[in-house]
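Derivation of every value follows stated rules applied to the coordinates shown; laboratory data play no part. Computed from a prediction, not measured in an experiment: that's the story for all the values here. So basically every Cβ, Gly included, is an ideal-geometry build from the backbone, and we count neighbours across all protein chains shown.
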Amino acid sequence: MFDATTILAYRGKNRAVIGGDGQVTFGNSVLKGNATKIRTLYNGKILAGFAGSTADAFNLFDMFEDFLEAKKGDLLKSVIAFSKAWRKDKVLRRLEAMMIVLNNEHIFILTGNGDVVEPEDGEIASIGSGGNFAISAARALKKHTQMDEEDLVRQSLSIAADLCIYTNHNIKTLILEGEKK
């Protein structure tokens with residue numbers, strides 16, 4: 001992990017949700033507090049979040065969306081093809097960057113090393129400097145409350161923001177409606 005941001009995704013029973021904070025830092029300075037690090041892809045059918053350089057994020061999102069188009073929205077085939085291309089590209093593989101992508105069927109963490117990781121529980125994933133705080137909070141809230149998916153993501157990111165100096169409380173979320181398949 002690196003000092004970048006916090007992204008948390010939850011593929012719940014009724015909805016898939018991704019959230020991220022808005023802080024952009026450069027060294028020990030806050031450059032911006034309201035950045036958007038999450039987006040919808042493939043006509044709103046895929047959610048994605050990014051931790052790393054902002055300029056790199058736009059390139060990687062666009063590149064991943066090209067793979068989604070080529071694979072007709074098949075997330076599993078797209079992440080495998082994307083990770084191979086990311087790893088083979090000499091410039092891209094040097095990025096200290098990670099992505100989370102999900103829909104109502106799958107959730108994956110992607111890295112420049114070519115890693116494609118599907119969380120063991122298949123439901124919750126996090127990346128970024130506050131990722132461990134956010135995922136710990138999400139697992140506890142899931143186990144001990146009846147929060148809906150969006151509230152769980154927002155509260156977990158808020159807890160991470162209380163603990164991680166690279167994460168702020170300017171939290172944004174995106175939602176995909178529909179039950180797991």
Problem - At least 20 Å along the helix axis (C-alpha) and Kyte average at least -1.0, DSSP helices within the chain - result: 54-70, 149-163
Exercise for the section: Could you list which residues have their amide H under 5 Å from that of Ile124, counting only those 5 or more apart in sequence or on another chain, with H placed in the peptide plane? Expected result: Arg11
Practice task
Give the long-range amide H neighbours of Asp148: residues separated by 5 or more places, or on another chain, with amide H under 5 Å away, using H modelled in the peptide plane at 1.01 Å from N.
Solution key: none
Fill in the blank from the handout: Computed, not fitted: 222 nm per-residue ellipticity of the chain from DSSP H runs ≥ 4 (each -39500 (n - 2.57)), nearest 500, equal to -11000 deg cm²/dmol
Practice task
Give, to the nearest whole percent, the P(r) tail of region 89-181 beyond 22 angstrom, counting all Cα pairs.
Solution key: 32 percent
Completion exercise
With the 8 Å Cα cutoff and a minimum separation of six or more residues, the chain has a relative contact order in percent of 35 percent
Problem - Estimated inter-spin distance, Thr54 and Asn170, nm [label 7 Å along Cα→Cβ] - result: 0.9 nm
Practice task
Could you pull out which residues in region 38-57 have an amide N less than 18 Å from a spot 7 Å beyond the Cα of Val117, following the Cα-Cβ vector?
Solution key: 48-53
Fill in the blank from the handout: Full extension between Phe26 and Leu163 adds, at 0.36 nm per residue less the Cα distance, a length in nm of 47.5 nm
Problem - Residue-by-residue Karplus 3J(HN,Hα) for region 27-36, coefficients 6.51, -1.76, 1.60, Hz, glycine and proline x - result: x, 9, 10, 8, 8, 7, x, 10, 6, 10
Fill in the blank from the handout: Given 20 °C, 1.002 mPa s and a Kirkwood radius over Cα pairs, the Stokes-Einstein diffusion coefficient of the chain in µm²/s is 134 µm²/s
Completion exercise
Distance in Å, no decimals, from the C-alpha centre of region 1-47 to the one of region 103-169 is 10 Å
Exercise for the section: Please list, or write none, the lysines whose alpha carbon is within less than 27 Å of the alpha carbon of Lys172, excluding same-chain residues fewer than 8 places away. Expected result: Lys13, Lys32, Lys37, Lys45, Lys142, Lys143, Lys180, Lys181
Practice task
Would you work out if region 6-59 is rounded, prolate or oblate? Take a ≥ b ≥ c from the square roots of the eigenvalues of the alpha-carbon gyration tensor; rounded if a/c is under 1.5, else prolate when a/b is larger than b/c, oblate otherwise.
Solution key: prolate
